[in-house]
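Engineer: Supplied in structure tokens, the structure appears directly below.
The values are calculated or read from the model by the stated rules, or taken from the named source; none is laboratory data. Nothing here was measured: the structure is a model prediction, and the numbers come from that model. Cβ placement follows ideal geometry from the backbone for every residue including glycine, while neighbour counts extend to all protein chains displayed.
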Amino acid sequence: MTITVQYFARLREDLGRERDEVAATGELQTVGDLWRHLHGDPPARLMAAVNQAHARLDTPVADGDEVAFFPPVTGG
Amino acid sequence: MAVRLFDHPFDPWALVRERERQLPLERLGACSVFAGRMRDFNEAEDIRAMFLEHYPGMTERELERIVAEAEARWPSITCEVAHRVGAVDPSETLVLVAVWSAHRVAARDACAEILERLKHEAPFWKRERLTDGTERWVEQNTPGH
């Protein structure tokens, strides 16, 4: 089973891809674990969501979750 | 509650009129409306066009959550929120927040609160195209401007 990771806006362009699929393991407990596993230290002002709700780096993740990372939002 | 995303130009005043036809206006003494348009300048540069990226699914959910939380805080209000996505040209409307209430303070305060939360919580990202053809992401919304 996997965790789906999506990227938006400048982050997607900087990483050169829209998404990653990550095998869910016991080491990946939180949103921050997932980012560090894929990309190393998280950048300042990184925003995240789990299953389309705002999340923090210490928010837990589980098998089957949809996780998203994105820069500060600029709507309105 | 009504939350809508448009991938084409919309007339905010038509949305307000359309909604008012369905509301008990004799009970709603106040209506506060914010309509935000795209400017042709930003940070001293001329902007030719903009692309508004969003997170399909989460964007709608966030707007609905923001409106639901305002409705819980000001129980008497009725809200209409609309936002553009995709390619936008200067002078087109980007966002509409309309709030009806029995009295002015709830309408005015809820309208301001929904707009500020939308700008800082709803997943939209602006990419600007300048008149020289270069493109750039808007880095952040300025608080309270």
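Engineer: It is to be established whether one or more residues within region B:100-109 are within 13 Å of chain A (Cβ to nearest Cβ) and either buried (at least 21 other Cβ atoms within 10 Å of the Cβ) or not in a loop (DSSP other than H, G, I, E, B) (or both). Talk me through it step by step, then tell me what you get.
Structural biologist: In the first step, residues of region B:100-109 are kept if they are within 13 Å of chain A (Cβ to nearest Cβ); the result is none.
No, the conditions are met nowhere in region B:100-109.
Engineer: How many residues does region B:16-67 contain that are closer than 30 Å to residue B:132 by Cβ and more than 17 Å from the chain's Cα centre (by Cα)?
Structural biologist: Step one: list which residues in region B:16-67 are closer than 30 Å to residue B:132 by Cβ, which gives B:35-55.
Keeping just the survivors that are more than 17 Å from the chain's Cα centre (by Cα) gives B:40-49.
Here the count works out to 10.
Engineer: Being among the β-branched types (Val, Ile, Thr) and farther than 20 Å from residue B:25 by Cβ narrows it down to one of B:138, B:81, B:99, so name that one.
Structural biologist: Details: B:81 fails: farther than 20 Å from residue B:25 by Cβ; B:99 fails: farther than 20 Å from residue B:25 by Cβ.
Result of the check over B:138, B:81, B:99: B:138.
Engineer: Suppose we filter B:40, B:7, B:46 for residues that are touching a Lys or Arg at 6+ places or on another chain (Cβ under 8 Å) and either of a type in the set (A, V, I, L, M) or modelled with pLDDT under 95 (or both); which single one remains? Break it down stepwise before answering.
Structural biologist: Working: B:7 fails: either of a type in the set (A, V, I, L, M) or modelled with pLDDT under 95 (or both); B:46 fails: touching a Lys or Arg at 6+ places or on another chain (Cβ under 8 Å).
Exactly one of B:40, B:7, B:46 is touching a Lys or Arg at 6+ places or on another chain (Cβ under 8 Å) and either of a type in the set (A, V, I, L, M) or modelled with pLDDT under 95 (or both), namely B:40.
Engineer: Got a number for residues in region B:25-58 being in contact with a strand residue (DSSP E or B) (Cβ under 9 Å, 6 or more places away or on another chain), away from chain A (no Cβ under 14 Å) and in a loop (DSSP other than H, G, I, E, B)?
Structural biologist: Residues that pass the stated criteria total 3.
Engineer: Let me ask something additional. Hey, among the residues in region A:19-60 that are touching a helix residue (DSSP H, G or I) at 6+ places or on another chain (Cβ under 7 Å) and farther than 24 Å from residue B:120 by Cβ, which one's farthest from the other protein chains (Cβ to nearest Cβ)?
Structural biologist: So, considering only residues that are touching a helix residue (DSSP H, G or I) at 6+ places or on another chain (Cβ under 7 Å) and farther than 24 Å from residue B:120 by Cβ, the one farthest from the other protein chains (Cβ to nearest Cβ) is A:27.
Engineer: Looking for something surrounded by fewer than 17 Cβ atoms within 10 Å (Cβ to Cβ), in contact with a strand residue (DSSP E or B) (Cβ under 7 Å, 6 or more places away or on another chain) and hydroxyl-bearing (Ser, Thr, Tyr) - is there at least one such residue anywhere in region A:3-11?
Structural biologist: Here is the first cut: in region A:3-11, the residues surrounded by fewer than 17 Cβ atoms within 10 Å (Cβ to Cβ) are A:4.
Restricting the remaining residues to those that are in contact with a strand residue (DSSP E or B) (Cβ under 7 Å, 6 or more places away or on another chain) gives A:4.
Those left that are additionally hydroxyl-bearing (Ser, Thr, Tyr): A:4.
Checked against the condition, which is being surrounded by fewer than 17 Cβ atoms within 10 Å (Cβ to Cβ), in contact with a strand residue (DSSP E or B) (Cβ under 7 Å, 6 or more places away or on another chain) and hydroxyl-bearing (Ser, Thr, Tyr), region A:3-11 yields at least one hit.
Engineer: If residue B:93 satisfies every condition in (1) closer than 20 Å to residue B:6 by Cβ; (2) out of contact with any Gly (no Cβ under 8 Å at 6 or more places or on another chain); (3) surrounded by fewer than 22 Cβ atoms within 10 Å (Cβ to Cβ) but one, which is the exception?
Structural biologist: (2)
Engineer: From the residues in region B:110-135 that are touching a helix residue (DSSP H, G or I) at 6+ places or on another chain (Cβ under 9 Å) and free of Cβ contacts under 8 Å to residues at least 60 places away in the same chain, which one is farthest from the other protein chains (Cβ to nearest Cβ)?
Structural biologist: Residue satisfying both the conditions and the ranking: B:113.
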